[in-house]
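Here's the structure, in structure tokens; my notes come after.
The values are calculated or read from the model by the stated rules, or taken from the named source; none is laboratory data. Because the structure is a prediction, the values reported are computed rather than measured. We place every Cβ from the backbone using ideal geometry, glycine too, and count neighbours over all the protein chains shown. Heavy atoms of the whole protein, side chains included, go into the accessibility calculation; ligands, DNA and RNA do not. Shrake-Rupley method; radii C 1.70, N 1.55, O 1.52, S 1.80 Å.
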Amino acid sequence: MASTDSQYSRVLIFGAGNFGSCLASHLGDTQHDVYMWAREGAIVSHFNEHHRNPVYLRDHQFPSNITAVGPEMPSKELIDSMDVLLFAIPTQFLRENLAILQPQLDTEKMPLLIFVNKGIEIGTHALTLEIIADTCGPEVAKKATFIV
């Protein structure tokens with residue numbers, strides 16, 4: 001987890017849909033250092049050039065302190081520098097993304113993990129907490145925070 005002396009946090013939001021974009025904008029407006037991961041390279045490029053999401057909230061001008069990253073999973077260095085990892089991706093895609101992200105997580109200095117997704121995983125009927133435990137282990141799942 002990144003250590004900061006300021007009242008502002010470094011936040012990495014996974015998801016650049018409507019909800020993830022709204023959360024990024026709000027956190028950016030309150031002066032946090034925000035990174036927003038998108039799985040589409042075209043969204044990342046367009047966002048960083050224009051500070052607009054070309055798919056969601058197209059008419060909204062985002063704060064300049066938001067940087068889009070992706071489509072690859074963020075590096076271990078970037079993740080280690082974060083205070084908060086906020087997951088705003090559909091539950092249906094959570095397992096796949098956590099499986100890719102898990103090797104990048106340092107369980108000794110884990111940032112705050114916040115999950116804002118809802119619902120169950122189709123096929124397994126697993127809840128978010130169960131998906132986290134399956135992919136990242138029970139210790140990581142115990143540290144997860146949920147906002148629904």
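As a summary of the residue check, ALA24 satisfies the conditions (1) within 16 Å of the chain's Cα centre (by Cα); (2) open to solvent by 70 Å² or more (accessible area, probe 1.4 Å); (3) among the hydrophobic types (A, V, I, L, M, F, W, C) except for the one numbered (2). Each residue in the stretch 125-148 was checked for being surrounded by fewer than 15 Cβ atoms within 10 Å (Cβ to Cβ) and part of a loop (DSSP other than H, G, I, E, B), and 4 of them qualify. Applying the criterion of being surrounded by fewer than 18 Cβ atoms within 10 Å (Cβ to Cβ) and within 15 Å of PHE14 (Cα to Cα) to the residues of the stretch 40-55, the residue that is farthest from the chain's Cα centre (by Cα) is GLY41. Here the stretch 103-112 is the region considered, the condition is being open to solvent by less than 70 Å² (accessible area, probe 1.4 Å) and hydrophobic (A, V, I, L, M, F, W, C), and the residue that is nearest to PHE14 (Cα to Cα) is LEU105. Among the candidates SER21, SER3, which residue alone is out of contact with any Lys or Arg (no Cβ under 7 Å at 6 or more places or on another chain) and at pLDDT below 95? Just one listed residue meets the conditions, SER3.
For the stretch 27-39, filtering for residues that are open to solvent by 20 Å² or more (accessible area, probe 1.4 Å) and of a type outside the set (Asp, Glu) leaves 6. If you go through the stretch 56-80 and keep only what is in a loop (DSSP other than H, G, I, E, B), over 30 Å from THR124 (Cα atoms) and open to solvent by 30 Å² or more (accessible area, probe 1.4 Å), you end up with LEU57, ARG58, ASP59, HIS60, GLN61, SER64, ASN65. Has the stretch 90-112 got any residue that is within 14 Å of ALA16 (Cβ to Cβ) and in contact with a helix residue (DSSP H, G or I) (Cβ under 8 Å, 6 or more places away or on another chain)? No: the stretch 90-112 contains no residue that is within 14 Å of ALA16 (Cβ to Cβ) and in contact with a helix residue (DSSP H, G or I) (Cβ under 8 Å, 6 or more places away or on another chain).
Condition check for THR124 on (1) more than 18 Å from ASP80 (Cβ to Cβ); (2) in contact with a strand residue (DSSP E or B) (Cβ under 9 Å, 6 or more places away or on another chain); (3) modelled with pLDDT of 95 or more: one failure, at (2).
Of the residues ILE89, ILE122, ILE100, only one is over 18 Å from ILE147 (Cβ atoms), open to solvent by 10 Å² or more (accessible area, probe 1.4 Å), in a loop (DSSP other than H, G, I, E, B) and in contact (Cβ under 8 Å) with a residue 24 or more places away in the chain; which? Spell out the reasoning first.
Working: ILE89 fails: over 18 Å from ILE147 (Cβ atoms); ILE100 fails: in a loop (DSSP other than H, G, I, E, B).
None of the other options fit; the residue is ILE122.
This table checks each residue for (1) in contact (Cβ under 8 Å) with a residue 40 or more places away in the chain; (2) within 22 Å of THR30 (Cβ to Cβ); (3) of a type in the set (Phe, Trp, Tyr).
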| site | (1), (2), (3) |
| --- | --- |
| ARG58 | no, no, no |
| ILE66 | yes, yes, no |
| LYS76 | no, no, no |
| PHE93 | no, no, yes |
| LEU105 | no, no, no |
| GLU130 | no, no, no |
